[in-house]
1. So what's the convex hull volume per residue for the Cα atoms of segment 123-207, in Å³?
2. For segment 140-187, just the Cα set please: Rg and Dmax, both in angstrom.
3. Rg and Dmax of segment 246-285 over Cα atoms: what are they, in angstrom?
4. Rg to Rh ratio, segment 180-285, alpha-carbon atoms and Kirkwood radius?
5. As a footprinting exposure proxy, order 182, 255, 215 by other Cβ within 10 Å, with the fewest listed first.
6. Quick one: if you stick a label point 7 Å off each Cα along the C-beta vector at residue 113 and residue 178, how many nm between them?
7. If you take the C-alpha gyration tensor of segment 62-203, multiply each eigenvalue by 5 and take the square root, what semi-axes do you get, largest first, in whole Å?
């Protein structure tokens, strides 16, 4: 067994992470509440981040990039992929009976109602599709969770930073410097992020959506940067400009889950047309 292979799952479902993030960043929350992660965390979330921070090493990320980013897993139409993601619903979870599609529709419908661009509405619909990694057998800590650069010093703005004490990269001096393996202001495109659903769905869809959507999909879980301003030393000016779109996307991702439950039969024709406008009949996953 590799160091990053953990047999137990820390959360009841991957949606527990979404609920926890939404609670952390709820509207009107004070800075004191905002940084009080341990007091607000349930044991499953705490264990999730313990595993995530111990096992998201540079070597692990490079291995997962090599495994998944050639996009050889399967071909699917976008709606087929949404139906496939729906099999992630955990019937034992008493806190929600929303399907994955309904959750994504809450995000996209909130954007649509606000008159956001059609490509942004589509990004809202597809932003969590990378969670199909769970259906490929990946553990939760390698699918969801706040993302962060690997191969350089961890920011104190990452949730539960104390758990990095168990990460083997702690023992590599170069990785514990401010820039690590990177150059100042190198740009995030040259930075390896902790592995998860963000990078995967960005790679699947990047040829079909405009660049602002790339940033929304690729960095929507990069909370240390877009919530706390961390890692600006690695970002170039273009990254800073594009993060305005990430910040625009984030409230829809965080706060739409409690919204009205969409009626799939009513909105599906709109989204079928939207998908056909931007995506081919099949995408390579």
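1. Measuring per residue, one finds 123 Å³ for the Cα hull of segment 123-207.
2. Looking at segment 140-187, its Cα Rg and Dmax stand at 11.4, 32 Å.
3. Looking at segment 246-285, its Cα Rg and Dmax stand at 13.6, 32 Å.
4. Using Cα coordinates only, the ratio equals 1.02.
5. If I rank by nearby Cβ atoms, fewest first, I get 255, 182, 215.
6. Output for this residue pair reads 4.5 nm.
7. That gives 31, 18, 16 Å for the three semi-axes.
Computed from the coordinates by the stated procedures, all read-outs in this text should not be read as laboratory data. In this text the structure is predicted, and so the values were computed from the model without any measurement. Note that each Cβ is placed from the backbone with ideal geometry, even for glycine, and that neighbours are counted across all protein chains shown.
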